[in-house]
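All remarks here apply to the structure that follows.
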Amino acid sequence: MNFHQQEHLGSILGIGKINFMEAKAITRHIRQSPRKIRLLLDEIRGSNVDKAINYLHFSKAKAAYQIEKTLSSAVSNFMNKSNDENVTVDKIYIKKCFADGAPHLKRFRAASMGRISRLNKKSAHLTIVVADKEK
């Protein structure tokens, strides 16, 4: 299949679909376990951005700070990407958010009988995708 056939096929598949704009922000190598970050992500997934930022700002969890920074970056990316001047935070929601594992910091500590035991200090990659609400 040559290039022009793929372009034509893509235009046929795109008929009848409404494209909604979305933007993404990624924070890498967060020095916290992905499991602990996912606890907060499950709370804000699918909610409006203004409610999520309010929830994260007053949360006592350590992960809330990093998630709030990444979310505000995603909203900023969305505002820069949109051509519409009157896009407000009320119209934006969190489409996807997930935390993946990152490389571990491998450390060692003393164990009994002169041996050593290994400590894996986990870190995470955080991805947040925001989109505008359907009209």
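The numbers here are math on the coordinates, done by the rules we state, and not lab data. Owing to the predicted nature of the structure, the values given are computational and were not obtained by experimental measurement. Backbone-built Cβ (ideal geometry, glycine too); neighbour counts: all protein chains shown.
Tabulated data for the structure shown
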read-out: Inter-site label distance for Asn86 and Tyr65 at 7 Å from Cα along Cβ, in nm; value: 3.9
read-out: Integer Hz, Karplus 6.51/-1.76/1.60 couplings in order for region 49-59, x for Gly and Pro; value: 5, 5, 5, 5, 5, 5, 4, 5, 5, 9, 7
read-out: Per-residue ³J(HN,Hα) for region 42-47, Karplus 6.51 cos²θ - 1.76 cosθ + 1.60, θ = phi - 60°, Hz, x for Gly and Pro; value: 5, 6, 9, 4, x, 8
read-out: Eligible lysines near Lys96 by straight Cα distance, threshold 25 Å, same-chain separation 8 or greater; value: Lys17, Lys24, Lys36, Lys51, Lys60, Lys62, Lys69, Lys81, Lys122, Lys133, Lys135
read-out: Zone of Arg107's modelled label, taken as backbone nitrogen in region 49-91 under 17 Å from a point 7 Å along Cα→Cβ; value: none
read-out: For region 32-41, 3J(HN,Hα) per residue [Karplus equation, 6.51 cos²θ - 1.76 cosθ + 1.60, θ = phi - 60°, Hz, x = Gly/Pro]; value: 8, 5, x, 5, 6, 6, 5, 4, 6, 5
read-out: Computed magnitude of the charge dipole of region 19-132 (debye, nearest 20; Cβ of K, R +1, Cβ of D, E -1); value: 1280
read-out: Sorted by Cβ neighbour density within 10 Å, fewest at the top, the residues Asp50, Asp132; value: Asp50, Asp132
read-out: Per DSSP, loop chymotrypsin sites (Phe, Trp or Tyr not before Pro) in region 49-89 with at most 13 further Cβ within 10 Å; value: Phe58
read-out: Cβ-defined net charge surrounding Lys62, 12 Å radius [Lys, Arg +1; Asp, Glu -1]; value: +2
read-out: For Asn80, net neighbour charge (Lys/Arg +1, Asp/Glu -1) across residues whose Cβ lies under 15 Å away; value: -2
read-out: Arg115 versus Asn54: modelled label distance in nm, points set 7 Å from Cα along the beta carbon direction; value: 5.4
read-out: Residue list for region 51-84, given a label point 7 angstrom along the Cα-to-Cβ vector of Lys122 and an amide N cut-off under 20 Å; value: 60-68
read-out: Residues Leu119, Leu126, Leu40, sorted so that the one with the fewest Cβ neighbours within 10 Å comes first; value: Leu119, Leu40, Leu126
read-out: Relative exposure of Ile53, Ile116, judged by other C-beta atoms within 10 Å (fewest first); value: Ile116, Ile53
